[in-house]
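The values are calculated or read from the model by the stated rules, or taken from the named source; none is laboratory data. Computed from a predicted structure; not experimentally measured. Cβ atoms come from the backbone with ideal geometry, glycine included; neighbour counts cover every protein chain shown.
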Amino acid sequence: MNKTDLIDRVASQLEITKSDAGKAVEAVIEAIASGVRTEEKVTIAGFGAFVRKERRARMGVNPTTKQPMPIAASKTCGFRPAPALKESL
């Protein structure tokens with residue numbers, strides 16, 4: 001499922017226009033992204049939690065030259081499903 005499919009499902013389930021459903025989906029996505037950026041964790045009961053993860057700096061290998069190269073520290077986002085969601089799969 002992609003974003004367009006999600007908007008279509010929201011629109012049909014709530015019986016609203018695709019435009020309004022698109023705005024709602026965008027608002028939810030932005031709220032989750034903003035929450036992860038500022039609070040490090042966004043929890044949705046029964047669904048799961050979006051968490052900010054930090055990767056430490058490390059040494060890697062350039063696949064072309066086989067030479068060691070440093071990989072900088074970075075931040076990423078992860079998802080941990082709720083037990084109810086895991087059981088429903």
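No other residue among 36, 10 is assigned to a helix (DSSP H, G or I) and touching a residue at least 40 places away in the same chain (Cβ under 8 Å) apart from 36.
For every residue, the table says whether it meets (1) in contact with a Pro (Cβ under 9 Å, 6 or more places away or on another chain); (2) assigned by TED's automatic domain parsing to the domain that holds residue 82.
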position: 8; (1), (2): no, no
position: 14; (1), (2): no, no
position: 18; (1), (2): no, no
position: 26; (1), (2): no, no
position: 44; (1), (2): no, yes
position: 60; (1), (2): yes, yes
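Within this structure, residue 32 fails the test of being in the same structural domain as residue 74 (by TED's automatic domain parsing), aliphatic (A, V, I, L, M) and modelled with pLDDT under 95.
For (1) surrounded by 10 or more Cβ atoms within 10 Å (Cβ to Cβ); (2) in contact (Cβ under 8 Å) with a residue 12 or more places away in the chain, each residue gets a yes or a no:
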residue	(1), (2)
27	yes, no
41	yes, no
64	no, no
78	yes, yes
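Across the range 48-59, the number of residues qualifying as assigned to a strand (DSSP E or B) and surrounded by fewer than 10 Cβ atoms within 10 Å (Cβ to Cβ) comes to 3.
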